[in-house]
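Report on the structure given below.
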Amino acid sequence: MNRSSRRQFLRLTCKWSFWSFGVAPILSAFLAGCKTIDSLSKNVPSIQIGDINIDTKTIAENTKLVAHSFEDITPEQEYYIGRTVGAEILQKYRPYTSKKANNYINVMGQMLAQASDRPETFGGYHFLILDSDEINAYAAPGGLIFLTRGILKCCPNEDAVASVLAHEIGHVQHKDGLRAIKQSRLTTALTSIAITGAKTYGHEDLSKLTDTFEDSISDITKTLIVTGYSRSLEYQADLAALNILQRTGYNPKGLVVMLNQMKTQLKPGRQDFAKTHPSPDNRLSEIQKQTAAYSVVKTPKARQTRFEDALKSI
Amino acid sequence: MTKLKAVFITVLFFALTGLTVYAIEQKMMSIQVKDGVVRSSPSFLGKIVTQLPYGERVSVQATKGAWYLIKKPEKSTDGWMHSSALSMKKIVLKPGASDVQQAASSDEITLAGKGFNQRVENDFISRNPQIDFTWINKMEKTVIPQNQILAFIKEGQLTPKGEE
């Protein structure tokens, strides 16, 4: 080994020991930080730094409270929330009972969901057409997806229908329904759940839990039906839809076709997509960059025939 | 020097790969969906090998994109599951008082049936007798077999990109 390569070797060794002995303990100390605050709070109620008094107990409690977010809702609980949100949507709309049309939507929806980033939910994805001329679609948490006859009428081909379904799958994937639940409900619910557990809770605990459940359902349905999600959540659902379309072999421009059609059919002032979603123009300009490269939608004849056949009664 | 360098790199390579395999062998996960479908290949097109129930513990043998090759600890057969059906947390199916206490202070345990569950749904129904789950139950009963999806892809002349 000559002098220069030995020097190189030594330099490399120094570098490695710096990372393993120097940075690692700092990193692990940082990662253990929460634990430290927790244990501090048990022994030392407060720390004095100069003139500032820090109450470690409050910090520890707040850290625990902040951790109770929609992410802590288990898939099993998401499933029960979704069932009731779905039942509430069906209080407002009648189901469209055509077996043929619903089967078509379910096969397509299932295929699209399998191509999403979250193909598996506790109870799986299921789709239903609503018997309404209103232009609307809803995704209940966990994968129950509803779309009106009205929004299907904005779709001149299968690729456009796929874009509506994929957008709703995007909302399920991102757990947007659960995000609509107010933080205060989560804190109450998850704290009481943690203390009382599952099979052990008595009548009073159940009643409190059902109160929180009712409030959470109303947070979600109010967001879905009246106020709508934030613009950014809608754009993210559109981006998820473009991804799903591209992965399944549909033309992502299907979404462009649907939005252009919707633009001509939406009537201002109605309680539908016009109220709960950003305008089709804004959505079109947001996705322009992602869709510009694709050619116009030309669906093969067989695909167009089955689309027309399945949805002709709509 | 080249010889020393080669030895150094070889040792480093084995040390690193050895560590990776070890880490994967140690990884235990739980089925977090009602019906955990296990497939013969890392794709929804893979033949269904078996179905595992909610809460079942499996060990992860290898990964390929979002697909995990899993095995039940006492069984020799294995198969592929999509990662969205799996959770790092241990799911306690019939939690007792000690599990409840442990879950309250740990992020690694989930209690099955805790919080919003069938009992809460029933209580909600008794408070809101007008609510109707008939169609929700009908929707959930609709199961589309994979061969129907395959036929749909073929008929529609769709060309799905490989699953990632």
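The values are calculated or read from the model by the stated rules, or taken from the named source; none is laboratory data. All values reported here derive from a predicted model rather than from experimental measurement. Please note: Cβ atoms are built from the backbone with ideal geometry, for glycine as well, and neighbour counts cover all protein chains shown. For the accessible areas, the whole protein counts, side chains as well, though only heavy atoms, and no ligand, DNA or RNA atoms are used. Shrake-Rupley method; radii C 1.70, N 1.55, O 1.52, S 1.80 Å.
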(Q) Looking at A:V85, A:V164, A:V107 in this structure, which one is closer than 21 Å to B:K154 by Cα, among the hydrophobic types (A, V, I, L, M, F, W, C), at pLDDT 95 or above and more than 13 Å from the chain's Cα centre (by Cα)? (A) A:V107
Q | Condition check for B:K94: more than 30 Å from A:M111 (Cβ to Cβ), more than 14 Å from chain A (Cβ to nearest Cβ) and at pLDDT below 90 | A | no
Q. Among (1) in contact with a Phe, Trp or Tyr (Cβ under 9 Å, 6 or more places away or on another chain); (2) assigned to a helix (DSSP H, G or I); (3) within 14 Å of chain B (Cβ to nearest Cβ), where does A:I225 come up short?
A. (3)
Q.
Suppose the filter is facing chain A (nearest Cβ under 7 Å), touching a Gly at 6+ places or on another chain (Cβ under 8 Å) and open to solvent by 80 Å² or more (accessible area, probe 1.4 Å); does B:K161 pass it?
A. yes
Q.
When you scan the range A:153-163, do you find a residue that is among the hydroxyl-bearing types (S, T, Y), touching a strand residue (DSSP E or B) at 6+ places or on another chain (Cβ under 9 Å) and over 23 Å from B:Y54 (Cβ atoms), even just one?
A. no
Q) Quick check: is even one residue across the range B:139-158 under 25 Å from A:E204 (Cα atoms), at the interface with chain A (Cβ under 7 Å from one of its Cβ atoms), surrounded by 19 or more Cβ atoms within 10 Å (Cβ to Cβ) and small (G, A, S)? A) no
**Q.** Output for the range A:269-302, where each listed residue is of a type in the set (G, A, S) and more than 14 Å from chain B (Cβ to nearest Cβ)
**A.** A:G269, A:A274, A:S279, A:S285, A:A292, A:A293, A:S295
Q: Inspect all residues belonging to the range A:257-276 and state whether any of them is closer than 20 Å to A:H171 by Cα, modelled with pLDDT of 90 or more, open to solvent by less than 30 Å² (accessible area, probe 1.4 Å) and touching a Lys or Arg at 6+ places or on another chain (Cβ under 8 Å).
A: yes
(Q) Looking at B:E121 and the list (1) part of a loop (DSSP other than H, G, I, E, B); (2) open to solvent by less than 30 Å² (accessible area, probe 1.4 Å), which single condition is not satisfied? (A) (1)
Q. Taking the range A:92-129 as the region of interest, how many residues are more than 7 Å from chain B (Cβ to nearest Cβ), open to solvent by 20 Å² or more (accessible area, probe 1.4 Å) and not in a loop (DSSP other than H, G, I, E, B)?
A. 4
